[in-house]
Structures are given as C-alpha cells and as structure tokens.
Amino acid sequence: MSHSSFNEQFNAVAQRIIRARADACAIDPISAEYPQFDMDDAYAIQKRVNAARISNGARVVGYKIGLTSKAVQEQLGVGQPDYGVLFADMELLQGEAVDCSQLIAPKAEGEIGFAFKNDIDRSDLSFMELQAEIDFFFPVIEIVDSVVRDWKIGIVDTIADNASSARYMVGAKTFSPRGVDFGAIELNISAPQGELKGRGEACLGNPLYATHWLVKKLNELEVPIKRGQIVLSGAMAPMVPITPGCEIAFDFAGLERLVLTAR
C-alpha cells in the first residue's frame, strides 16, 4: 500500500477516535477493520489524535505506561508495555468527582507516579541515573477508558486511543524516592465489587523498571521527558469499573489513601 493511502487511513481513524471521545460514544475495534496495522501504525494514529488536542490548546504534562502486567501482555500478544500522553486537563484532585457522562466505560487503576527534576535526553540512561533524576513519587489513580465498545481491545486499539488513558487523580502527598523498594509497595482497593490487593512488583517487577523502559523509549523517539513532567508507571492491581454514584478507595499502605467518587 502506498504511503499516502496509509496516511489517509491513519487520519481517518484518528478523526473517528477524536469524534468518539468528543461524543463519549463507543466505536468498533480498529484492529478488526484494519488487521494490517501494527504497533508503529497505532502510534502514528495516537500522534495524530494528540496533535489535534494540542492544536486545541491542550498541554502535555507527562506520560502513562500501559500493559505492564505479563498476563495482559500475553493476552494481547506483545512483549513490551505501551505508552500514552497525559495532558494538564486530565488531572483530577482528591475530592473531585469523575464525571461519567464525559467517558465511555471508565475503569480505575492504582499506580505509582514519578516526577522528574531535569530533561532526560540520554539514550543510554542507566537505572541508577534514572533514580537520581526522580524528584518525588506519589500514589495516583489512573482513570482509563476505551473508545472501543466493551473494551474489546487489541494492542493496536489501545495504543491508537492514547493507551486508553482518560484522567488521573492525585492526592495531597508526595514522597521522597530515596531508599524505597517500589516493588514491595502494597495496595488495597475497596470497591463495590469487593476487595482487591496489589503490589508494586505487579508492574513489570518494579514500577521503576517500567519507568526506565519508557524514559529510554521516549528518548529514542526524540520526545524526551522534560523537567517537571510526570510518569504514571502502570497498574499494581486489576482495573475496577467506575459507575455513577460509586466510591472506590485505594489504600497505598503506609503512604496515602485515595478515594474516587463518580457521578
């Protein structure tokens, strides 16, 4: 297929995602209609969707990592995580309700977020250098949402749709990363469906390993992490559905308890 017809397809799919998000109305899986698309194609679509947001005044504040669980990677047939872009207007503060009318089928994940002191533009960044660049970490709830009906997603669907990222909720506290074993952080979730438990090690063995992967990947792509940007490192436990009127508590043991409410 010619380069121009690929471009036309990418643009058409990007427009479909943009409309679906604006209308909070689900679409059929992209991967079913375009089985020839691979991960690179999906990122090309994601880039177009995000460029449209930026042209409408949205500002990039960081990135999120998805597919950090080996089980989910195997399910989608991939051997690495994926990533999406975080915008300033995606941030919610503790106490702000998630507005379900603006979303399609939202779910919540408990994660560890990291903020960076400097631009990180070294492709051979070592693991110890990464740790030296972290300004602080924070417990965070990522609110994921898929434009694809009933979450019937493959790898292409989620990447094209900004790695299914919709909002993120932060609490009141930030913490020094010095001496912290991020793999051992425990998470207890109380949801209408029951209790769930998670640990940092569910995220590629350690949230820092996932973050190291992303920082190096972004450098390869020549969009390195900038000073003050944040990274949401990936889910520590299974996703929990969000419905109007629900309350879900994420207790990050010894750190902070975040409560998500929805309307």
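The values are calculated or read from the model by the stated rules, or taken from the named source; none is laboratory data. A quick note: this is a predicted structure, and the numbers were derived from the prediction, not measured. Note that we place each Cβ from the backbone using ideal geometry, even for glycine, and neighbour counts take in every protein chain shown.
Residue-wise test of (1) out of contact with any Ser or Thr (no Cβ under 9 Å at 6 or more places or on another chain); (2) in contact (Cβ under 8 Å) with a residue 12 or more places away in the chain.
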{"residue": "207", "(1), (2)": "no, yes"}
{"residue": "215", "(1), (2)": "yes, yes"}
{"residue": "218", "(1), (2)": "yes, yes"}
{"residue": "222", "(1), (2)": "yes, no"}
{"residue": "239", "(1), (2)": "yes, yes"}
{"residue": "245", "(1), (2)": "no, yes"}
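Exactly one of these conditions fails for residue 243: (1) surrounded by fewer than 19 Cβ atoms within 10 Å (Cβ to Cβ); (2) hydroxyl-bearing (Ser, Thr, Tyr); (3) not in a loop (DSSP other than H, G, I, E, B). Give me its number.
For residue 243, the exception is condition (3).
Restrict the check to region 101-112 and report whether at least one residue is surrounded by 18 or more Cβ atoms within 10 Å (Cβ to Cβ), modelled with pLDDT of 95 or more, out of contact with any Phe, Trp or Tyr (no Cβ under 7 Å at 6 or more places or on another chain) and among the small types (Gly, Ala, Ser).
There is at least one residue in region 101-112 that is surrounded by 18 or more Cβ atoms within 10 Å (Cβ to Cβ), modelled with pLDDT of 95 or more, out of contact with any Phe, Trp or Tyr (no Cβ under 7 Å at 6 or more places or on another chain) and among the small types (Gly, Ala, Ser).
Can you find a residue that is within 26 Å of residue 89 (Cβ to Cβ), in contact with a strand residue (DSSP E or B) (Cβ under 6 Å, 6 or more places away or on another chain) and of a type in the set (Val, Ile, Thr) anywhere in region 236-244?
Yes, region 236-244 contains at least one residue that is within 26 Å of residue 89 (Cβ to Cβ), in contact with a strand residue (DSSP E or B) (Cβ under 6 Å, 6 or more places away or on another chain) and of a type in the set (Val, Ile, Thr).
Tell me which of these residue 58 doesn't satisfy, since it passes every other one: (1) in contact with a strand residue (DSSP E or B) (Cβ under 6 Å, 6 or more places away or on another chain); (2) in contact (Cβ under 8 Å) with a residue 40 or more places away in the chain; (3) surrounded by 15 or more Cβ atoms within 10 Å (Cβ to Cβ).
Failing condition for residue 58: (2).
Would it be correct to say that residue 85 is at pLDDT 95 or above, over 30 Å from residue 254 (Cβ atoms) and aliphatic (A, V, I, L, M)?
Considered against the rule, which asks whether it is at pLDDT 95 or above, over 30 Å from residue 254 (Cβ atoms) and aliphatic (A, V, I, L, M), residue 85 comes out as yes.
Write out, first by first residue and then by second, each pair whose Cβ atoms fall under 7 Å of each other, whose residues are 6+ apart or on separate chains, and whose first residue, in region 22-51, is part of a helix (DSSP H, G or I) while the second is of a type outside the set (Ser, Thr, Tyr) and loosely packed, with under 15 Cβ neighbours inside 10 Å.
48/11
Going by the conditions given, is residue 211 polar (S, T, N, Q), under 20 Å from residue 91 (Cβ atoms), in contact with a Ser or Thr (Cβ under 9 Å, 6 or more places away or on another chain) and at pLDDT 95 or above?
yes
Scan the strands (runs of 3 or more DSSP E) fully inside region 61-161 and keep the ones with 2 or more residues being in contact with a Cys (Cβ under 8 Å, 6 or more places away or on another chain). Even if it seems obvious, please write down each step before you answer.
Numbers: elements: 82-87, 91-93, 107-116, 134-144.
Per the criteria, 107-116.
Right, residue 257: in a strand (DSSP E or B), at pLDDT 95 or above and surrounded by fewer than 17 Cβ atoms within 10 Å (Cβ to Cβ) or not?
Here the answer is yes, as residue 257 does meet what is asked.
From 44, 26, 32, 20, grab the single residue that is farther than 16 Å from residue 85 by Cα, crowded, with 18+ Cβ neighbours inside 10 Å and not basic (Lys, Arg).
When all the criteria are applied, what remains is 20.
Yes/no per residue for (1) farther than 15 Å from residue 65 by Cα; (2) in contact with a helix residue (DSSP H, G or I) (Cβ under 6 Å, 6 or more places away or on another chain); (3) not basic (Lys, Arg):
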site: 93; (1), (2), (3): yes, no, yes
site: 104; (1), (2), (3): yes, no, yes
site: 113; (1), (2), (3): no, no, yes
site: 127; (1), (2), (3): yes, yes, yes
site: 162; (1), (2), (3): no, yes, yes
site: 169; (1), (2), (3): yes, no, yes
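Just one of 46, 36 is over 17 Å from the mean Cα position of the chain (by Cα) and within 17 Å of residue 159 (Cα to Cα); which is it?
Numbers: 46 fails: over 17 Å from the mean Cα position of the chain (by Cα).
After ruling out the rest, the residue left standing is 36.
Do we have residue 189 as farther than 26 Å from residue 117 by Cα, out of contact with any Gly (no Cβ under 9 Å at 6 or more places or on another chain) and among the β-branched types (Val, Ile, Thr) here?
No: the conditions fail for residue 189.
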